[in-house]
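Report on one structure; see the data block that follows.
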Amino acid sequence: MKGKVCVFGSFNLDIVAVMSRFPMPGESLTAQHSMMGPGGKGANQATAALRAGARVHYIGKVGNDDFGTFARRHLEKTGFDAITLFTCKEKPTGNALIYVAGNDAENMISVYPGANTTVTAAEVTRCQPTVAAADILLVQLENNLSAIQRMIDNARAGGTFVILNPAPWQRVSDTLLAKVDLLTPNSTEAMQLTGVSVTDFASAQKAAAVLHRKGARQVIITLGMAGALLSTEQQQLRIPLFPAQPLDTTGAGDAFNGALAARLASGDDLPQAALFASAFASLCVERSGAANSMPSYAEALTRLQAHPECVPEPLAVCV
Ligand code: RIB
């Protein structure tokens, strides 16, 4: 591993409203605070991987509009090794409307994916050398599935390790799951993938067993305040959550996935990488915004070292 991560995924313009509580249907409620900034699960995860120490090539697609110009300017100054940003003439740049509310800074998001879902076969082919040159390809489900599948096929052909963060959920075949080296659903996505209602570690273990039977060899199910379950056919571990003062949970899953990819690309084993990713995500929730809320490698290392009690714990394997 040379520490090279390729992230193919969405760019969205995020419009965030911080509320004392979520509005009810039909209600207009004054926001306490509002902001606009870069987001999209792909761009957020690419930023997280970069901040966690990887050399990153980001691949995405935006509209031929002002938000697309904003995206290009933002991405060009982020510090990626390279970006491949396609432009769609027919659909606008993706956007997301985000409410943040409550003591635990929970969020509700509506995404209009726009140009993110128009990536063509020819565009995927142009990215083939980039994907093959990376140690890890990290993808989500905020683009058209046809392009995601082709990117994964190209990664496999080039011997690149594939992480699929199945967010936001869309139906995927077992054939696709079997092509992925590491699958990282949250509890809701794990339920949607397996039909098992995931509410705690025991139910997460059952969902992971179903995912293994579907062909997913390594799975991390993130469980919000409970931490995460790491499950392979050989071991099941509880990855702890690090103590944090949540301000905005938007992008926490992206922080986890980007940092996980960065640490795996640098040679960490899966439990080490997952623990670092948990520490990294605990810092992200203490800041507002998505892509702009990613901490640095040094900050995450400090948090990791400040909590020696936070270690992966073995669980009895559930099959
Ligand atoms: O995961 C958070 C992201 O989801 C936001 O940035 C928003 O754009 C949506 O894609």
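Coordinate-derived values only; no laboratory data. Bear in mind the structure is a predicted one, so any value in this text is a computation, not a measurement. With ideal geometry, Cβ positions are generated from the backbone for all residues, glycine too; neighbour counts draw on all protein chains shown.
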task: Name the residues whose placed amide hydrogens come within less than 5 Å of the amide hydrogen of Gln218, ignoring near sequence neighbours (fewer than 5 apart) on the same chain.
output: Leu183
task: Evaluate the charge dipole of segment 2-124 about its Cα centre and quote only its size in Debye, nearest 20, assuming +1 on the Cβ of each Lys and Arg and -1 on the Cβ of each Asp and Glu.
output: 500 debye
statement: Once Glu286 and Arg156 are pulled to full extension, the length gained, defined as 0.36 nm per residue separation minus their Cα-Cα distance, is 43.2 nm
Amide N proximity, segment 73-103 versus Thr120 label position 7 Å along Cα-to-Cβ, cut-off under 19 Å: 84-94
- request: Give, in nm to one decimal, the length gained when the segment between Phe86 and Met36 is fully stretched (0.36 nm per residue of separation minus the Cα-Cα distance).
  value: 15.8 nm
- request: Sort Phe67, Phe86 so the one with the fewest other Cβ atoms within 10 Å of its own Cβ comes first.
  value: Phe86, Phe67
Cα centre as origin, Lys/Arg/Asp/Glu Cβ charges: the chain dipole, Debye: 700 debye
Charge sum, other residues only, whose C-beta stays under 11 Å from Gln140's C-beta, Lys/Arg counted +1 and Asp/Glu -1: -2
query: What per residue convex hull volume, in Å³, do the alpha-carbon atoms of segment 65-223 yield?
result: 138 Å³
statement: Computed from the beta carbon distance with a Förster radius of 22 Å, FRET efficiency for Thr199 and Glu309 to the nearest 0.05 stands at 0.35
statement: Summed over the other residues with a beta carbon less than 10 angstrom from that of Gly289, with K and R at +1 and D and E at -1, the charge totals -1
The chain, helix-only ellipticity at 222 nm - DSSP H runs n ≥ 4, -39,500 (n - 2.57), divided by all residues, nearest 500: -10500 deg cm²/dmol
task: In whole angstrom, note down how far apart the Cα centers of segment 132-191 and segment 221-277 are.
output: 17 Å
Packing-based exposure ordering (other Cβ within 10 Å, fewest first) of His212, His57: His212, His57
message: Output needed for the chain: three equivalent-ellipsoid semi-axes, defined as square roots of 5 times the C-alpha gyration tensor eigenvalues, in descending order, whole Å.
response: 26, 25, 19
query: What are the chymotrypsin sites (Phe, Trp or Tyr not before Pro) within segment 213-319 that DSSP puts in a loop, where the Cβ has at most 13 other Cβ atoms within 10 Å?
result: none
task: State the extension gain, in nm to one decimal, for the chain segment bounded by Asn64 and Ser296, taking 0.36 nm per residue of separation less the distance between their alpha-carbons.
output: 80.3 nm
task: Count the net charge of all other residues whose Cβ sits under 11 Å from the Cβ of Asn165, scoring Lys and Arg as +1 and Asp and Glu as -1.
output: -2
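Using the per-residue mean of other Cβ atoms lying within 10 Å as a proxy for protection, in what order, highest first, do the peptides 94-102, 41-49 fall?
On the way: 94-102: 20.6, 41-49: 32.1.
With the highest mean Cβ count within 10 Å placed first, the list reads 41-49, 94-102.
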